[in-house]
Amino acid sequence: MKISLITVVYNGAAFVRDCIDSVVGQTYDDIEYIVVDGGSTDGTVAIVQSYGDRISQFVSERDNGLYDAMNKGIGMATGDIVGILNADDFYPHPDIIRDVMNLFRQSQCDAVYGDIVYVDRVNTEKVTRYWKSGHFRPNAFLWGWMPGHPSFFVKRTLYEQHGLFRLDMKSAADYELMLRFIHKYKAKLAYLSEVIVVMRAGGVSNASVANRLRANQEDRLAWQLNELRPYRATLWMKPLRKIGQFFSKPPITYRKK
């Protein structure tokens, strides 16, 4: 069973090598790796090209933002499973994709998700936040739950059946897509109880109170576009659930060698 992994990057020369190394170093042997560059001018293109045929498909051209580039990558994908790894992020050890694919086989699920740690952008040994997703329960989205999108691996057929990222959703496009796949269309999930992705801190939606309020409005729109009705507290429970992530500690061995 083949997996397509997609990295979207724009002027990411500072960190993209960490990301690529974590993919090409995976022990799973049936990986199609797609890199979609938005027309970088900082040396990113040369870095990606230096990996030669270890990058299965590479395109560098202007796009309409992050989610447009992700959609482009999904359109290029030929694998049974699709995963997205942002250019600032990386897999914590070489067996991540093997573990993900084993769970797909064992559970016969539509999507696999796991846990995430956020780290300092420069000192990646310094953990700033631990997102333990936990097991999914029916209607969990109504209580503010969602899996971390970078840990979300999906059968390609779900994109074909239920659509790609909505470009009008801006920073909430990943939330809307998971709401659509999981809550609306009842995709069967399997939880991999381990840290799947290490993320460098600096997300747009949580960068300020104004951004958080804007993201809350976009979250509300996500429910409306899918003709779904949240509870009154749903959209505030979502950011409130994140508070505990700043005080939780990840497993000591999550970055095994």
**Under-5 Å amide H pairs with VAL8, H placed in peptide plane, nonlocal only** = VAL36, LEU85, ALA87
**Complete:** Long-range share for the chain, i.e. C-alpha pairs more than 33 Å apart as a percent of all pairs, stands at 13 percent
**Complete:** So ASP95 and TYR51, fully extended at 0.36 nm per residue minus their Cα-Cα distance, gain in nm 13.8 nm
**Message:** For the chain, take the longest principal axis of its alpha carbons; what is the angle in degrees between that and the long axis of helix 209-225, to the nearest 10 within 0 to 90?
**Reply:** 80 degrees
**Request:** Quick one: angle between helix 96-107 and the longest Cα principal axis of the chain, in degrees between 0 and 90, rounded to 10, please.
**Result:** 50 degrees
**Item:** Stretch in the chain that is longest and holds no chymotrypsin sites (Phe, Trp or Tyr not before Pro) that DSSP places in a loop and that have at most 14 other beta carbons within 10 Å
**Value:** 1-184
**Complete:** With x for Gly and Pro, the residue-by-residue ³J(HN,Hα) of region 84-93, computed from phi through the Karplus equation 6.51 cos²θ - 1.76 cosθ + 1.60 at θ = phi - 60° and given in whole Hz, is 10, 10, 5, 5, 7, 10, 7, 7, x, 7
**Prompt:** Karplus couplings for region 43-57 from phi (6.51 cos²θ - 1.76 cosθ + 1.60, θ = phi - 60°), rounded to Hz, Gly and Pro as x?
**Reply:** x, 4, 4, 5, 4, 4, 5, 5, 7, x, 7, 6, 9, 5, 9
**Rounded Å value of the spacing that divides the Cα centres of region 47-66 and region 119-180** = 23 Å
**Message:** Given a Förster distance of 41 Å, report the FRET efficiency between ASP29 and ARG232 from their Cβ-Cβ distance, rounded to the nearest 0.05.
**Reply:** 0.25
**Request:** May I ask you to compute the full-extension gain from ALA14 to THR128, defined as 0.36 nm times their residue separation minus their alpha-carbon distance, rounded to one decimal in nm?
**Result:** 39.0 nm
**Complete:** Among beta bridges assigned by DSSP with both residues in the chain, the antiparallel ones amount in percent, to the nearest 5, to 30 percent
**Asked** Between the helical axis of 66-76 and the dominant principal axis of the chain, each derived from Cα atoms, what acute angle in degrees is found, rounded to the nearest 10?
**Response** 60 degrees
**Item:** 24 Å Cα-Cα reach of LYS256 towards lysines, excluding residues that sit fewer than 8 places from it in its own chain
**Value:** LYS126, LYS132
**Asked** How far, in nm, would the chain grow between ASP168 and ASP21 when pulled straight, counting 0.36 nm per residue and subtracting the alpha carbon separation?
**Response** 49.7 nm
**Request:** Would you mind ranking ILE243, ILE6, ILE47 so that the residue whose beta carbon has the fewest other beta carbons within 10 Å leads the list?
**Result:** ILE243, ILE47, ILE6
**Asked** If each of GLU160 and ILE243 carries a label point 7 Å out from its Cα toward its Cβ, how far apart are those two points in nm?
**Response** 4.5 nm
**Request:** Any aspartates and glutamates with Cα under 14 Å of the LYS72 Cα? List them, leaving off those in the same chain fewer than 8 positions away.
**Result:** ASP37, GLU61, ASP63, GLU160
**Request:** Could you tally the net charge around GLN108, taking each other residue with its Cβ under 12 Å from the Cβ of GLN108, Lys/Arg +1 and Asp/Glu -1?
**Result:** +2
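Throughout, read-outs are computed from the coordinates displayed, never taken from laboratory work. Since the structure is predicted, the reported quantities are computational estimates derived from the model, not experimental observations. All Cβ positions, glycine included, derive from the backbone under ideal geometry; neighbour counts span all protein chains shown.
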